[in-house]
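The structure under discussion appears below in the form of structure tokens.
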Amino acid sequence: MDQEKFDEEFKKLWEESPLSHSNSEKEASWEQFHAKTFSEKKRKFRPWRIYAAASVLLFALIGTGIYFNNESTNENAVVAETTIENLTAKIKYVVLPDSSKVELSPNSKISYGANFALNRKIEIDGEAYFKVKKDKQHPFQVFCDETTTTVLGTSFIVKETKNEQVTVELFEGSVQMNVKGQSQKWILKPGEKFTYGNQTASVSEFSRFIDFDNENLSAVSHYIEENYGYKVVLPKENQNQKITIRINRKEDLKTILQLLSEMYNLNFEINEDLKQITFQ
């Protein structure tokens, strides 16, 4: 593909942005991106601006992800050197050599080879949530049964059930799915789930968010305790205050805490030894 055709195809991908972005915003964003060619600018965002910022970042992730994934292979090339297994009843948190993060579910394991930072291939048996560090030069590949998930920088869950059905739920970014022996490729968008079992593949939607609609603030504290493993202590006068909020099911805990502290003018302290969060 010559440069002109590549630019045309790449621009089409770029313009597949959320509806909240106007055509003029897309065009201006494209011109800036095309001129600087994958340059990055680090910015700081306040918690309530994170989602808006993420939607802009996803443009680059979607474009670069598809481009590099065109060269991906479906063959499992992992020669395991390191195996991490979770034999406990709680989620095990793992930081990979490339600084990507994994939440490894009970009775699950991951394996990867030497020099992982340059050859980001990993096998999974069970279930894990991946938050991949962006690296456009080194695609991140997850092998599970006969499926391959290829990505540059994103967050998603890969799960294999006992009946060998594989599901991939995408929370942020873009991933390409391949099945061994099949030429077809599936490009997932945030909020889409890929399912493969009995030699049949399908894509459907799933809910990435948990909604609290005019509920007591204590309901959010219970959610944090159940999903993040921290007990939340609220002042008595705040426990029954009403809140309406939508939270990404895989949102960073500190982002949620910062948002709550801003909304109710509270400070919080995290005690890692007690696994307790205290608002005051």
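Out of curiosity, is V79 surrounded by fewer than 18 Cβ atoms within 10 Å (Cβ to Cβ), modelled with pLDDT under 95 and either at positive phi or not in a loop (DSSP other than H, G, I, E, B) (or both)?
no
For residues that are hydroxyl-bearing (S, T, Y) and in a strand (DSSP E or B), scanning just the range 164-195, find the one that is farthest from the chain's Cα centre (by Cα).
The qualifying residue farthest from the chain's Cα centre (by Cα) is T195.
So, in the range 131-153, of the ones that are farther than 16 Å from F171 by Cα and among the β-branched types (V, I, T), which residue ends up nearest to the chain's Cα centre (by Cα)?
My answer is T148.
Among the residues in the range 256-275, are any under 20 Å from the mean Cα position of the chain (by Cα) and free of Cβ contacts under 8 Å to residues at least 60 places away in the same chain?
The answer is yes; a qualifying residue exists.
Give me the strands (runs of 3 or more DSSP E) completely within the range 199-274, filtered to those with at least 3 residues that are under 30 Å from Q184 (Cβ atoms) and either out of contact with any Pro (no Cβ under 9 Å at 6 or more places or on another chain) or at pLDDT 90 or above (or both), ordered by residue number.
200-205
The values are calculated or read from the model by the stated rules, or taken from the named source; none is laboratory data. Keep in mind that what you see is a predicted model, and the values were worked out from it rather than measured. Cβ sites come from the backbone with ideal geometry, for glycine too, and all protein chains shown count toward neighbours.
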